[in-house]
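Comments concern the structure below.
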Amino acid sequence: MEALLRQSRTMCPFLKKTSPATLRALSNSANVQHASPGGGAISNLQITARRCPVMGKALSVQSGRNIASSALAGAFVGTRAYHHKVPRANLHTTAPKEAQAVDLPNLEREHAPFQPPMAQPGSNATAQHQHGVAPEPPKAAKFDYNGFYENELDKKHKDKSYRYFNNINRLAKEFPRAHLATPEEQVTVWCSNDYLGMGRNEHVLNKMHETLDKYGAGAGGTRNISGHNQHSVSLENTLAKLHAQEAALVFSSCYVANDATLATLGSKFPNCVILSDSMNHASMIQGIRHSGAKKIVFKHNDVADLEAKLASLPPDVPKIIAWESVYSMCGSIGPIEEICDLAEKYGAITFLDEVHAVGMYGPNGAGVAEHLDYETYASGRDTKGTIMERIDIITGTLGKAYGCVGGYIAGSAKMVDTVRSLAPGFIFTTSLPPATMAGAEAAIKYQMSYQGDRRLQQLHTRAVKESLNEMDIPVIPNPSHIIPVLVGNAEVAKKASDLLLEKHQIYVQAINYPTVPVGQERLRITPTPGHVKDYRDHLCQALESVWVELGIKRTSDWAREGGFIGVGVKDAEVVEPLWTDEQLGLADVKHALEAGQGALGVLESVLEREHLEVRQVAAAA
């Protein structure tokens, strides 16, 4: 080697003037701005050699050979990758234990949504290389993280979908009142998901105080580490009884419950297909994505479309149908019985999200599935074959009508045990605090034994809907307790929400994309048992003022345009409430209406009677 180097120095002026140390430095330093034919960076020594009339030609010949061999290899690898089956998602709880090599993608060749500004070349980049002196390698531009954040936020601001959080502090003793940053700035909350006001119920608070004093603030960790306490055991037994199922499992939220359950089952069932309603909540969409299973979306509440998609699948393929009972942004009700029929016909299992229905429907507050067999459950008759018992997996929340926090699943003992044993979202998450679980169980038992709160909530909902319809303010028709008021523009919806808060001391959050589609922005109003007539009159006056000030379309305006998402639709079928007059005890209302009394006047008399009954029950307790 030394002899070859001495011979080369006698013929090459560059080698003659350059020390071995400099040659070594040039060969070890790569230039990221120049790519080799094989796809990687080349050394500064190779760049210098390209300028040589002798070595330049030799390197060109060698590069041609390398390109040909690389093309053949790439074609072989590409063919193999194309025909290779994409691996299914695997939960890390069952991954092989031995270390494995991981192939990282070529990040430089992947499309990036955000392009940071390129570094400007300095004067050294264009300077002529001096023989015998190693050139300084150029510095690569680092990723601009703050620039990326600013770019993403700027897009949200430009399309008016940027989300602002208001400082709302609910007052337990003055429900549904709250204060803003200071206690003096009081407002009325009209958009809470604490539908029944259980977050301030004395039974719930007393139970939580008692448990907190005895067992402390936290759970101490996951159940796997800190143990399985009496509060979780009792709460899960109560939930299983509520839904007439064998078992239940409590999670930190129903978002986690939905995500973990669908991800676990979808990834474990071989070749599983999950059929999802087009308006399903983000938690279910995320769970399906995490499962790696094939997803088929069917049109919202369209049973015919669902059946066509089920019929296209082989009978032996595992199938999960996922949908909701009450869709929280539009208030529509899922066709539960019809979907159960299809599931049995095509060999699928059913996954029903009752998040916005538990506590609100049914004689025991178990949700819409129970409500569909209201008389059976109310009378205590045999429930075998009822719609609720036909559902394989029911999910619900402890954080809405029950006024606490947490989520759960209910179903067969083996299904629940499978999720408990395999779902990372359950295994690796800290348990709910004992006081929270005790309070949630107290709320469930209270609502199982007393219907007054949900009946009163339904009556208030009817009264608000009736008032807004008379005022020509566009309410999207639905049979549930949700009152979606159509605005149709993100910027205007935000302005309407701000005006209600700043000018009228009413808090109603604007709902925009991605929660609802662009062009369907709305205000979402949710009456509670505490929204008495004075609050309702104030709300209606405030909405009238805002609609006039901002020039927002009314129902008649939408009607002139042919109607939109149920608002202003000509000859539309009347949507009847899920709670019937008989179930609400409104037999006298029909007679009063037939006698010529106005609907609102009759409702007011019923509400007064209901409020009196609620106060008597609270006093007795």
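The values are calculated or read from the model by the stated rules, or taken from the named source; none is laboratory data. Everything quoted here is computed from the prediction, not taken from an experiment. Cβ sites come from the backbone with ideal geometry, for glycine too, and all protein chains shown count toward neighbours. Note: areas computed on protein heavy atoms with side chains; ligands, DNA, RNA excluded. Shrake-Rupley method; radii C 1.70, N 1.55, O 1.52, S 1.80 Å.
In terms of modelled amide H atoms, which long-range or inter-chain residues lie less than 5 Å from the amide H of Ile506?
It is Thr188, Leu501, by chain and number.
Sort 353-361, 288-296 by the packing proxy (mean of other Cβ within 10 Å over each peptide's residues), most packed first.
In decreasing order of mean packing, 353-361, 288-296 become 353-361, 288-296.
Over segment 271-374, one equal point on each Cα, no solvent: what is log10 I(q)/I(0) by the Debye formula at q = 0.15, 0.16, 0.22 Å⁻¹?
So the normalised log intensities work out to -0.60, -0.68, -1.18.
What residue among Asn364, Gly403, Ala348 has its Cα farthest toward the positive end of the dipole of segment 315-413, where the charges are +1 on Lys, Arg and -1 on Asp, Glu, each on the Cβ?
Of the candidates, Gly403 comes out farthest on the positive side.
With charges set only on the Cβ (+1 for Lys and Arg, -1 for Asp and Glu), what does the dipole of segment 276-367 come to about its Cα centre, in debye to the nearest 20?
400 debye
With the crude spin-label approximation of a point 7 Å out along Cα→Cβ, what separation in nm comes out for Glu549 versus His203?
With each label point 7 Å from Cα toward Cβ, the separation is 4.1 nm.
So, in nm, how far is label Phe165 from label Thr383 when the simple model puts each one 7 Å beyond its Cα toward the Cβ?
3.7 nm
Give the distance, in whole Å, between the Cα centre of segment 408-451 and the Cα centre of segment 258-336.
Cα centroid of segment 408-451 versus Cα centroid of segment 258-336: 22 Å apart.
Could you state the accessible area per residue of segment 306-449 in Å², with a 1.4 Å probe and every protein chain left in place?
Counting only protein heavy atoms, the per-residue value for segment 306-449 is 32 Å².
With a cut-off of at most 12 other beta carbons within 10 Å, and DSSP calling the residue loop, which trypsin sites (Lys or Arg not before Pro) in segment 147-234 qualify? Please list them.
Arg163
Taking a virtual spin label 7 Å from the Cα of Thr418 along the C-beta vector, which residues in segment 365-406 bring their backbone nitrogen under 16 Å of it?
Zone members listed by number: 391-395.
Give the aspartates and glutamates reachable from Lys139 as a straight Cα distance under 19 Å; neighbours fewer than 8 places away on the same chain don't count.
Of all the aspartates and glutamates, those that pass the test against Lys139 - Cα under 19 Å, at least 8 places apart if same chain - are Glu108.
Given the Cα-Cα distance of Ala572 and Thr222 and 0.36 nm per residue of separation, how much length would full extension add, in nm?
Contour length minus the Cα-Cα distance gives 120.8 nm.
Once you sort the root eigenvalues of the Cα gyration tensor of segment 157-310 as a ≥ b ≥ c, which label holds: rounded (a/c under 1.5), prolate (a/b larger than b/c) or oblate (the other case)?
The shape class here is oblate.
Quick check: pseudo-label points 7 Å beyond the Cα along Cα→Cβ at Thr238 and Leu180, how many nm apart are they?
The answer from the label model is 3.8 nm.
Are any of the pairs Lys57/Lys142; Lys241/Lys345; Lys503/Lys553 more than 25 Å apart by Cα-Cα distance, and if so, which?
Among Lys57/Lys142; Lys241/Lys345; Lys503/Lys553, the Cα-Cα distance tops 25 Å for Lys57/Lys142; Lys241/Lys345.
Give me the number: length gained by fully extending Asp498 to Asp213, i.e. 0.36 nm times residue separation minus the C-alpha to C-alpha distance, one decimal in nm.
98.5 nm
Loop-only check: which trypsin sites (Lys or Arg not before Pro) in segment 522-573 are DSSP coil with at most 14 other Cβ within 10 angstrom?
Lys570
Straight-line reach from Lys160: which aspartates and glutamates fall under 16 Å, measuring Cα to Cα and dropping same-chain residues less than 8 apart?
Glu150, Glu152, Glu491, Asp498, Glu521
Given R₀ = 45 Å, what would the calculated FRET efficiency be for Asp144 paired with Thr580, taking r from the Cβ atoms and rounding to 0.05?
0.15
Filter the trypsin sites (Lys or Arg not before Pro) in segment 366-451 to those in DSSP coil with at most 16 other Cβ atoms within 10 Å of their Cβ, and list the result.
Sparse-neighbourhood loop trypsin sites (Lys or Arg not before Pro): Arg381, Lys384.
Quick one: 3J(HN,Hα) in Hz for segment 239-256, Karplus 6.51/-1.76/1.60 with θ = phi - 60°, rounded, Gly and Pro as x.
Once θ is set to phi - 60°, the couplings for segment 239-256 become 5, 4, 5, 4, 9, 6, 10, 6, 8, 8, 9, 9, 10, 6, 7, 7, 4, 5 Hz.
Could you pull out the pairs from Lys295/Lys465; Lys268/Lys309; Lys319/Lys494; Lys309/Lys445; Lys495/Lys570 whose alpha carbons sit more than 32 Å apart here?
Pairs exceeding 32 Å: Lys295/Lys465; Lys319/Lys494; Lys309/Lys445.
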